[in-house]
1. Suppose we filter segment 282-307 for residues that are outside any helix (DSSP H, G or I) and modelled with pLDDT of 95 or more; how many remain?
2. Looking at (1) in contact with a helix residue (DSSP H, G or I) (Cβ under 6 Å, 6 or more places away or on another chain); (2) modelled with pLDDT of 95 or more, find the lone condition where residue 203 falls short.
3. (1) surrounded by 19 or more Cβ atoms within 10 Å (Cβ to Cβ); (2) in contact with a strand residue (DSSP E or B) (Cβ under 6 Å, 6 or more places away or on another chain); (3) within 19 Å of residue 181 (Cβ to Cβ): which one isn't true of residue 241, the others all being true?
4. Take residue 68 and tell me if it is surrounded by fewer than 21 Cβ atoms within 10 Å (Cβ to Cβ), at pLDDT below 80 and not in a loop (DSSP other than H, G, I, E, B).
5. Given the conditions (1) at pLDDT 95 or above; (2) surrounded by fewer than 16 Cβ atoms within 10 Å (Cβ to Cβ); (3) under 10 Å from residue 10 (Cβ atoms), which single one is not true for residue 59?
6. Say we look at segment 309-330 and pick out the residues that are touching a residue at least 60 places away in the same chain (Cβ under 8 Å) and touching a strand residue (DSSP E or B) at 6+ places or on another chain (Cβ under 9 Å); which of these is farthest from residue 279 (Cα to Cα)?
7. I want to confirm something. Restricting to segment 171-190 and keeping residues that are under 29 Å from residue 239 (Cβ atoms) and under 17 Å from the mean Cα position of the chain (by Cα), which single residue is surrounded by the most Cβ atoms within 10 Å (Cβ to Cβ)?
8. Return the residue satisfying two criteria in turn: it lies in segment 71-87 and is buried (at least 21 other Cβ atoms within 10 Å of the Cβ) and within 17 Å of residue 192 (Cα to Cα), and of such residues it is modelled with the lowest pLDDT.
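The values are calculated or read from the model by the stated rules, or taken from the named source; none is laboratory data. What you are looking at is a predicted structure, and each value in this text was computed from that prediction instead of being measured. Here Cβ is always computed from backbone atoms with ideal geometry, including for glycine, and neighbour counts include all displayed protein chains.
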């Protein structure tokens, strides 16, 4: 059975380009197109698509407001089709935080309209079509202020991996972090172009400082570092002081940056003084790395199925026996930070 896609974009040219890219895919069918949110809402009711591609800048109701209504009233996998401006990146980051499952750039790295995409859009749609939405995470309660005070003082580093649905999950997780949290490093599978905007979005909700990781940057308490360099793995290294290391290389577990690459480096250099957290995501990236951390004595946590957008990565880790704790997203900060977790 074909994956049924609805395209919502105010540009006739962009609608034609997206349709052209999907027309050659035997397992994908474009069942309709709309030029604004009003048309899109009507067609969603009539056609019940499996996946929606959504432009942000549209006349009338903008894509961000429409996305929020979709995720509240009719949860459907949505891929944001983004422009090339910094403002567009910021809005795309907010869309991911609202529950969009991925983002797709209209433009190539030089800022020109991309004429070819090597099947990227089709892959994103296939991944999105596998998602079954569960309980919304946006309103999950954060850790109480009282419990934030009793941090595990023996934790030198927290390492986090996430993919599909991860930006939304990271918001919930980081709300529960105190201002003086242990150094925290994150690999979130996303187009690196959007990572700086995602870091700024997360920084708005996290009491600690969230920033993009830079090569050879010392990792400090009260700071959260997000992988953002295209073509580079984020890893850690060091003895008395830990440093971020950005390494060029081939994909690991199908990804660059890879959660497994990060977790393996944490197992090697931090060992039992680390906490590993594996959140929602498709595939198996992070499972073997989390196991390596657990075998070195680290405290390891996997997000539970009920609060995952996609249970693939946590499920793979749990099946390997890599998770010391399996917990809902709104309690993971407590399990990671506190002695009585």
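1. Taking segment 282-307 as the starting set, the residues that turn out to be outside any helix (DSSP H, G or I) are 282-286, 296-304.
The next check asks that each one be modelled with pLDDT of 95 or more; those that pass are 284-286, 296-304.
Total satisfying the criteria: 12.
2. (1)
3. (1)
4. When the stated conditions are applied, residue 68 does not pass them.
5. Among (1) at pLDDT 95 or above; (2) surrounded by fewer than 16 Cβ atoms within 10 Å (Cβ to Cβ); (3) under 10 Å from residue 10 (Cβ atoms), the lone unmet condition for residue 59 is (1).
6. The extreme case among them is 328.
7. The selected residue is 173.
8. Filtering segment 71-87 for residues that are buried (at least 21 other Cβ atoms within 10 Å of the Cβ) and within 17 Å of residue 192 (Cα to Cα), the one modelled with the lowest pLDDT comes out as 82.
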